[in-house]
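Here is the structure we will look at.
The values are calculated or read from the model by the stated rules, or taken from the named source; none is laboratory data. Values in this document were obtained by computation on a predicted structure and should not be read as measured data. We place every Cβ from the backbone using ideal geometry, glycine too, and count neighbours over all the protein chains shown.
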Amino acid sequence: MTASGPDLRARSLHPGVGAGRCLRSEPLSFWGGTDPSTGMLIDERHPRRGVAITGRVLVMRSGRGSSSSSSVLAEQLRRGVGPAAIVLAEPDAIVVTGAIVAAELYQRFLPIVLVDPEQLDLLPDDRMMTVTADQATAQIRGEDDT
Amino acid sequence: MLSADQRARLAGEAGSGVALCMRILTKLARLRGARRLIAVESAHLDGCLYHGQAGVDFVERLVGSGTTVAVPTTLNVGSLDLLHPGLVRTSAADTAAANRLMAGYRALGARPTWTCAPYQAGHRPGLGRQVAWAESNAIVFCNSVLGARTDRYGDFVDVSAAVTGLAPEAGLHLTANRRGTVIIDCSALSAELRSMDVLYPVLGYLAGELAGTGVPVFTGLAATSPGEDALKALGATAASAGGVALFHVVGVTPEAPTLEGALQGADVPTVVVDVDTVRAARDRLSTSSGERLDAVSLGTPHLSVTEFAALAALLGDGGSFHPDVDVWLSTSRAVLAEAQAAGYVDTVTAAGARIIVDTCTYVTPVLHPGTRVVMTNSGKWAHYAPGNLGVDVVFGSMGECVRSARQGKVVRDDGVWS
C-alpha cells in the first residue's frame with residue numbers, strides 16, 4: 001500500500017494493460033445490462049444507470065446471467081467502448097471468453113484479474129488505477145489522483 | 001493435459017480455425033480447473049443471435065478458413081424469421097447483419113433448426129452422453145430431462161466445442177457436480193394444482209430463487225408425473241430466475257429414481273412449498289395487476305406439437321380473439337410443419353393467432369410498438385420481457401391467456417390457487 005492508493009497482487013485471468021477510474025458494481029450482465037455500441041449501463045435496476053463502463057476499471061464480484069455477455073463485451077472492445085480493465089473475485093468464464101475473442105479477432109487485450117473478495121473493498125470508486133496482467137500474475141496499482 | 005492429437009490441432013495441423021477454437025477451449029479449461037478435454041458427441045449453438053459485428057467476424061473467420069463442425073450440431077434462434085420476412089421489425093442494416101450471421105453458422109455445417117428447443121427437433125442425446133449445448137433452457141432440459149451431460153456453454157465456446165468435438169472436463173460433465181443441493185418438497189400442494197401446467201413455471205421460478213446456480217431436487221410430484229412440456233417450462237424459468245442448469249424430479253427424471261440417488265448420499269436442506277408459497281411466486285412473475293391487455297405471447301421456449309394441440313383444443317369452438325389483442329406464437333419450423341400436418345395451425349390462425357419461427361418475441365422486435373401490457377404462460381418470457389422490451393407482463397395459464405385474448409382484457413381464474 002502506498003500513499004497514492006492500493007498496490008495489489010492479483011491472479012491474471014486474461015493478459016493486458018489498462019488504466020482508468022474504478023467503477024464499483026454489483027454483478028453485471030453485459031447482455032441486457034450494457035449497450036453493445038456505447039458501453040453505457042442500461043440495466044433499469046442498476047444504481048449507476050447512464051454511466052458508461054468505457055475506459056473504467058470495472059470492479060465487481062463476478063459477472064451475471066446470459067452467456068450472450070461474451071458477445072457484447074467482444075463487440076464493445078471492437079468498438080473501443082469497453083472497460084479499460086476488469087477486476088473480479090470469482091473466475092467468470094463468460095467475461096473472460098469475450099476478452100479472449102477480442103484479443104484473437106482485434107488484438108485488443110483487456111486485462112481481467114482475480115483478487116480475494118475482501119480485497120475488492122481496497123479499490124474505491126473513482127480512484128485512478130493501472131491494471132497490468134501477464135499470462136499468470138497481475139498487479140493493480142493506484143495512481144496519484146490528480 | 002492435452003493428448004498428442006489435441007496438441008497437434010492446437011498447433012494448427014487441422015487448420016487455423018480449429019487452432020483458434022483449441023486456444024479458446026484450452027484457456028477456458030485452465031480457468032475452470034479442468035484436467036483435460038473430453039469428447040462430446042453433439043452440440044447446440046447459440047451464437048447465431050445477432051449482438052454486433054464481433055459475432056459475425058468470429059464465424060466468418062472460421063468459415064473463411066474452411067472450418068466445419070466435427071459433430072452433429074443444431075442451431076438456436078436467430079434474430080430473424082427467415083420463413084416469414086417482414087414480421088420482425090429490424091432496420092435494413094440489422095437485418096442484413098443478422099442474415100449474414102445466420103448464413104455463417106449454416107456454412108459451418110450445422111443444421112438450420114433455428115430453435116431454442118432442439119429436443120423438439122430430433123436432437124435428443126441419451127442418458128449419460130457427453131455433449132456441449134448452449135442456451136439456458138436447452139442446457140437444463142438436456143441435463144435434467146434427457147440425462148445427457150453438458151456444462152453451461154455460450155457464445156464462441158459452444159462453436160469451439162462443435163468444431164473440435166471437445167469440451168473441458170468440468171462442471172456438469174462430472175458426476176459429483178450433478179448431485180442435488182436443495183430439496184423442494186411439493187407434497188403439500190393439491191393434486192389438482194399439481195396436475196396443472198401453470199404450476200411448473202412457478203415451481204421453476206421458486207427453484208431459481210432457492211437454488212441459485214445449484215441443483216434443485218423436487219419431491220412430491222411423482223404421482224402427477226409431469227410431462228415434457230411441464231418440465232421444459234420448469235427448467236426454462238429456473239434457468240432464467242436463478243442459474244439452474246440441472247434439476248431432478250424424484251421418480252420422474254432419469255437421474256432421480258430415488259431421493260438418495262438424486263442426492264448421491266449428501267445431506268441437504270429441504271424447503272416445503274405450500275399453496276401460499278406458489279401463489280406468491282406466481283404473483284412475482286407479473287408486473288401488471290390491471291385489466292389492460294395489448295398482446296399475448298406463447299411459445300418461450302418454442303411451442304411443442306403437444307402445446308399446439310392443447311391450444312387448438314381450447315380454440316376449437318371457433319371463437320376468435322378480440323381485435324385489439326395481438327396473439328403471438330413462437331415455435332420452430334420443424335414443429336410448425338408437424339402442427340400444420342395435424343391441422344392445429346389452421347385452427348389457431350383462424351382464431352387470429354400469428355406464428356413466428358426461427359426466432360422469438362422477446363429477443364427481437366416483433367410486437368407492435370404501442371404494446372404495453374402482454375400476457376404469457378411462460379415464466380421465462382415474464383422474467384426477461386420487461387427489461388428487454390420495456391413492456392409490463394401478466395403471467396397466467398394458457399387457458400387464462402386464451403380467455404383474456406378473447407375478452408380483450410386480463411381475466412384471471414384463481415380457483416386452483418386457493
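Count of segment B:287-333 residues, restricted to those that are surrounded by fewer than 19 Cβ atoms within 10 Å (Cβ to Cβ), within 23 Å of the chain's Cα centre (by Cα) and of a type in the set (S, T, N, Q), is 2.
Listed residues B:204, B:220, B:243; which is surrounded by fewer than 23 Cβ atoms within 10 Å (Cβ to Cβ) and at pLDDT 95 or above?
Numbers: B:204 fails: surrounded by fewer than 23 Cβ atoms within 10 Å (Cβ to Cβ); B:243 fails: at pLDDT 95 or above.
Every option except B:220 fails the conditions.
Note on segment A:43-85: residues that are in a loop (DSSP other than H, G, I, E, B), of a type outside the set (S, T, N, Q) and more than 9 Å from every other protein chain (Cβ to nearest Cβ) total 16.
Working only within segment B:179-194, note down all residues that are of a type in the set (A, V, I, L, M) and either touching a helix residue (DSSP H, G or I) at 6+ places or on another chain (Cβ under 7 Å) or more than 18 Å from residue B:256 (Cβ to Cβ) (or both). Once the filter is applied, which keeps residues that are of a type in the set (A, V, I, L, M) and either touching a helix residue (DSSP H, G or I) at 6+ places or on another chain (Cβ under 7 Å) or more than 18 Å from residue B:256 (Cβ to Cβ) (or both), segment B:179-194 yields B:182, B:184, B:188, B:189, B:191, B:193.
In the set B:408, B:352, only one residue is at positive phi and touching a strand residue (DSSP E or B) at 6+ places or on another chain (Cβ under 9 Å); that residue is B:352.
The residues in segment A:86-97 that are assigned to a helix (DSSP H, G or I) and within 8 Å of chain B (Cβ to nearest Cβ) can be counted, and the count is 4.
If I filter segment A:101-113 for residues that are in contact with a Lys or Arg (Cβ under 8 Å, 6 or more places away or on another chain), at pLDDT below 95 and either surrounded by 18 or more Cβ atoms within 10 Å (Cβ to Cβ) or assigned to a loop (DSSP other than H, G, I, E, B) (or both), do I get at least one hit?
Let us first name the residues in segment A:101-113 that are in contact with a Lys or Arg (Cβ under 8 Å, 6 or more places away or on another chain), namely A:102, A:104-106, A:108, A:113.
Checking the rest, the ones that are also at pLDDT below 95 come to none.
For segment A:101-113, residues in contact with a Lys or Arg (Cβ under 8 Å, 6 or more places away or on another chain), at pLDDT below 95 and either surrounded by 18 or more Cβ atoms within 10 Å (Cβ to Cβ) or assigned to a loop (DSSP other than H, G, I, E, B) (or both): absent.
Looking across segment A:25-42, the residues that are touching a residue at least 40 places away in the same chain (Cβ under 8 Å) and either in a helix (DSSP H, G or I) or on the phi > 0 side of the Ramachandran plot (or both) come down to A:30, A:31, A:39. Considering each residue of segment B:374-382 in turn, at least one proves to be within 20 Å of residue B:310 (Cα to Cα), of a type in the set (A, V, I, L, M) and not in a helix (DSSP H, G or I). Number of residues in segment B:108-124 that are part of a loop (DSSP other than H, G, I, E, B) and charged (D, E, K, R) equals 1.
Among the strands (runs of 3 or more DSSP E) confined to segment B:1-107, the ones with at least 1 residues that are buried (at least 16 other Cβ atoms within 10 Å of the Cβ) and within 14 Å of chain A (Cβ to nearest Cβ) are located at B:43-45.
Taking the listed residues B:157, B:145, B:140, the one that is more than 14 Å from chain A (Cβ to nearest Cβ) and either touching a residue at least 12 places away in the same chain (Cβ under 8 Å) or buried (at least 24 other Cβ atoms within 10 Å of the Cβ) (or both) is B:145, with no other qualifying.
Taking segment A:4-24 as the search range and keeping residues that are outside any strand (DSSP E or B) and away from every other protein chain (no Cβ under 11 Å), which one is nearest to residue A:119 (Cα to Cα)? Outline the logic, then answer.
From segment A:4-24, those outside any strand (DSSP E or B) are A:4, A:6, A:15; that's our starting set.
Going one step further and asking which of them are away from every other protein chain (no Cβ under 11 Å), we end up with A:4, A:6.
Numbers: A:4: 17, A:6: 10 Å.
Looking at residues that are outside any strand (DSSP E or B) and away from every other protein chain (no Cβ under 11 Å), I get A:6.
Where residues in segment B:338-361 are of a type in the set (Ser, Thr, Tyr) and touching a Phe, Trp or Tyr at 6+ places or on another chain (Cβ under 8 Å), which of them is farthest from residue B:90 (Cα to Cα)? Full working, then the answer.
Just the residues of segment B:338-361 that are of a type in the set (Ser, Thr, Tyr), to begin with: B:344, B:347, B:349, B:359, B:361.
Within this subset, residues satisfying the condition of being touching a Phe, Trp or Tyr at 6+ places or on another chain (Cβ under 8 Å) are B:344, B:359, B:361.
Working: B:344: 29, B:359: 13, B:361: 13 Å.
Going through the qualifying residues, I end up with B:344.
Look at segment B:359-387: where a residue is away from chain A (no Cβ under 14 Å) and under 20 Å from residue B:200 (Cα atoms) and a partner is among the polar types (S, T, N, Q) and assigned to a loop (DSSP other than H, G, I, E, B), sitting 6+ places away or on another chain with Cβ atoms under 6 Å, you get B:377/B:397. For segment A:89-146, what are the residues that are in contact with a strand residue (DSSP E or B) (Cβ under 8 Å, 6 or more places away or on another chain), hydroxyl-bearing (Ser, Thr, Tyr) and within 28 Å of residue B:152 (Cα to Cα)? The answer is A:137, and nothing else.
Which ones in segment B:291-344 are out of contact with any strand residue (DSSP E or B) (no Cβ under 9 Å at 6 or more places or on another chain) and within 16 Å of residue B:368 (Cβ to Cβ)? B:322, B:323, B:324 - these are the residues of segment B:291-344 that are out of contact with any strand residue (DSSP E or B) (no Cβ under 9 Å at 6 or more places or on another chain) and within 16 Å of residue B:368 (Cβ to Cβ). Considering only residues that are within 14 Å of another protein chain (Cβ to nearest Cβ) and surrounded by 24 or more Cβ atoms within 10 Å (Cβ to Cβ), look in segment B:164-176 and name the one that is nearest to residue B:29 (Cα to Cα). Top of the filtered list is B:168.
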